[in-house]
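To start, the structure itself, in structure tokens.
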């Protein structure tokens with residue numbers, strides 16, 4: 001995904017884990033965050049909760065790449081789960 005987005009002209013910063021993703025979000029305040037449920041360390045749902053309850057980060061749009069068959073949870077957080 002990083003290569004694809006970079007080829008489209010986006011600047012991409014990738015984290016290797018949920019903890020690193022949260023640290024990067026707090027450091028750089030990105031315009032958009034892509035997030036997967038399945039990741040090392042804390043899972044994507046926990047990361048999403050941390051992002052949306054942090055007043056400094058809650059305005060950043062989050063695109064979940066997978067919801068792992070948990071459509072109700074995705075809808076609870078305001079994510080369009082197709």
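The values are calculated or read from the model by the stated rules, or taken from the named source; none is laboratory data. Treat the numbers as computed from the prediction; the structure is a model and nothing was measured. So basically every Cβ, Gly included, is an ideal-geometry build from the backbone, and we count neighbours across all protein chains shown.
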Practice problem: Please state which of the following conditions residue 45 fails to meet, knowing it meets all the rest: (1) modelled with pLDDT of 95 or more; (2) under 11 Å from the mean Cα position of the chain (by Cα). | Solution: (1)
Quiz item: Restricting to helices (runs of 4 or more DSSP H) lying wholly in segment 1-56: which have 1 or more residues that are in contact with a helix residue (DSSP H, G or I) (Cβ under 8 Å, 6 or more places away or on another chain)?
Solution: 18-28, 44-53
Exercise. Give the residues of segment 14-48 that are exposed (fewer than 13 other Cβ atoms within 10 Å of the Cβ) and at negative phi, sorted by residue number.
Key: 14, 16, 23, 27, 28, 31, 32, 38, 40
